[in-house]
Amino acid sequence: EWLFGSTSPAAPSVSAKLSASTTQGRSAPSRGDDSWHKNRGNEFFKSKDFEAAIREYSLGIERKPTATLHSNRSAAYCALGQYQLAKADADVAITLDPEWAKTYSRKGKALYGMASYKMAADAYARGLELCLRGAVGEAQQRDTELEWVHLLFFMAS
């Protein structure tokens, strides 16, 4: 599911880490928690209400820009076929966390949607390289490898 998704054109100048999902003793994130908008956006995304998901991710980005929020918004923009915006968000996510393979998959999907196949292949290759270096867990590695195989299959046909 992480392969389908969106971004803002300007990257913040400050380095940020992935948003934490800790609730600090609470059973659910509060509005003040940076994961609240991410979680709401994810629920909208799962129900295929991509515009609402984009609104929630955008609100989260206004509070605290993170690679996760930009990556998720990239997925939502991709789902709506708004590939330029999806690529812009993927680029910001990469700037915020250049070692996270998922962000390169988001960028690859956006570039593929824009018919920039060589650049898409490069983005997927970078994500795969990070997976193979052990920068992400086994589940993400499998998903990125599957997306890479999927891309190669469509480029060959």
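The values are calculated or read from the model by the stated rules, or taken from the named source; none is laboratory data. What you see is a predicted model, and the numbers here were worked out from it, not measured in a lab. With ideal geometry, Cβ positions are generated from the backbone for all residues, glycine too; neighbour counts draw on all protein chains shown.
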Listed by first then second residue, the pairs whose first member lies in segment 78-105 and is more than 25 Å from Leu152 (Cβ to Cβ) and among the β-branched types (Val, Ile, Thr), whose partner is at pLDDT below 95 and not in a helix (DSSP H, G or I), with beta carbons under 7 Å and at least 6 positions apart or on separate chains, are Val92/Thr7; Val92/Ser8; Val92/Ala11; Thr95/Ala11
With the first residue restricted to segment 136-153 and required to be part of a loop (DSSP other than H, G, I, E, B), and the second required to be modelled with pLDDT of 80 or more and not hydroxyl-bearing (Ser, Thr, Tyr), Cβ contacts under 8 Å at 6 or more apart or on different chains are Val136/Trp100; Val136/Ala101; Val136/Lys102; Val136/Leu130
Restricting segment 44-60 to residues that are within 15 Å of the chain's Cα centre (by Cα) and of a type in the set (Gly, Ala, Ser), the one surrounded by the fewest Cβ atoms within 10 Å (Cβ to Cβ) turns out to be Ser58
Matching residues in segment 68-100 (among the small types (Gly, Ala, Ser) and surrounded by fewer than 24 Cβ atoms within 10 Å (Cβ to Cβ)) number 3
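So that you can scan it fast, the table gives a plain yes or no per residue for (1) in a helix (DSSP H, G or I); (2) of a type outside the set (D, E, K, R):
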site: Pro98; (1), (2): no, yes
site: Thr103; (1), (2): yes, yes
site: Lys107; (1), (2): yes, no
site: Leu130; (1), (2): yes, yes
Of the residues in segment 143-157, those that are among the polar types (S, T, N, Q) and under 15 Å from Ala123 (Cβ atoms) come to Thr144
Those residues of segment 104-118 that are hydrophobic (A, V, I, L, M, F, W, C) and surrounded by 16 or more Cβ atoms within 10 Å (Cβ to Cβ) come to a total of 2
At pLDDT 95 or above and not basic (Lys, Arg): is that true of Gly32 in this structure? no
